[in-house]
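Reviewing the structure listed below.
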Amino acid sequence: MSGARTKLSLMAGLVISVSLTGCSSPPLHLYTLEGPATTVPAVSGPLASTAPVLEISRVSLPDYLDSQDLLTRDGSALQRSPNGRWAERLSNGITDLVTVRLSAARPDMFVTEQAPTGSLSMSRLRITITRLDIPTSGQATLDANWTYISGDDQVPTRTDRTHVTSSITDNGTDEKVVQTTNDLINQLSKMIASSLPQ
């Protein structure tokens with residue numbers, strides 16, 4: 001009988017210990033760029049058979065940024081959020097957001113990450129982000145270049161670049177890191193849209 005009570009006491013102590021350990025760690029929060037409540041309405045309806053197709057390749061990022069970690073910079077040190085993560089690799093999230101923004105800016109084009117097979121007038125867009133720094137305080141910066149490769153042999157390939165900044169304050173919180181990243185990518189998308197041939 002005493003052996004059973006000892007086992008029961010040990011089990012109860014283990015359950016309490018595990019419960020307390022679970023309560024001590026903060027919950028994990030997953031973030032996406034531009035949630036459904038803030039995205040522009042999707043363009044709908046049929047496209048003309050002659051509508052140009054723009055295929056966007058996955059955005060290229062420095063290796064240390066292309067993960068699910070929410071990072072801020074403090075001088076030369078990077079700080080990872082202890083309980084905030086991107087819901088997907090950052091390059092995928094940025095590519096999705098740029099695609100949505102370009103689709104809204106250019107409803108005359110079919111902007112996609114996966115072009116349909118057999119498309120005759122397909123152009124390509126390659127985007128490289130060389131710098132995406134969000135400091136713990138102060139101004140965030142993004143440097144990027146992109147290349148537009150026309151589906152028309154008569155139209156030359158065009159390469160552009162830009163440097164954009166965001167002064168959203170209190171960058172140290174996860175929500176501000178997400179908001180600042182959104183702001184920088186939205187600015188980049190506007191620059192790319194304005195550079196596309198009409």
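The values are calculated or read from the model by the stated rules, or taken from the named source; none is laboratory data. This one's a predicted model, so the numbers in the text were calculated from it and none came from an experiment. Glycine gets a Cβ as well: all are built from the backbone with ideal geometry, and neighbour counts include every protein chain shown. Heads up: the accessible areas ignore ligands, DNA and RNA and are worked out on the full protein's heavy atoms, side chains in. Shrake-Rupley method; radii C 1.70, N 1.55, O 1.52, S 1.80 Å.
Assorted remarks:
- Residues of segment 149-164 satisfying the condition of being hydroxyl-bearing (Ser, Thr, Tyr) and part of a strand (DSSP E or B): Thr159, Thr162
- Here Ala144 clears all of (1) surrounded by 14 or more Cβ atoms within 10 Å (Cβ to Cβ); (2) modelled with pLDDT under 95 except the condition numbered (2).
- Here the condition is being in contact with a Ser or Thr (Cβ under 6 Å, 6 or more places away or on another chain) and in contact (Cβ under 8 Å) with a residue 60 or more places away in the chain; of Ile56, Ile94, it holds for Ile56 alone.
- Residue match in segment 80-91 (condition: crowded, with 16+ Cβ neighbours inside 10 Å and of a type in the set (A, V, I, L, M)): yes
- Residue within segment 187-198 that is at pLDDT below 90, open to solvent by 70 Å² or more (accessible area, probe 1.4 Å) and not hydrophobic (A, V, I, L, M, F, W, C) present: yes
- Flag: Thr95 does not match the condition of being touching a Gly at 6+ places or on another chain (Cβ under 9 Å) and among the β-branched types (Val, Ile, Thr).
- Residue match in segment 111-118 (condition: out of contact with any Asp or Glu (no Cβ under 8 Å at 6 or more places or on another chain) and either outside any loop (DSSP other than H, G, I, E, B) or open to solvent by less than 20 Å² (accessible area, probe 1.4 Å) (or both)): yes
- Looking only at segment 40-94, and only at residues there that are closer than 20 Å to Leu142 by Cβ and among the hydroxyl-bearing types (Ser, Thr, Tyr), the one that is modelled with the lowest pLDDT: Ser76
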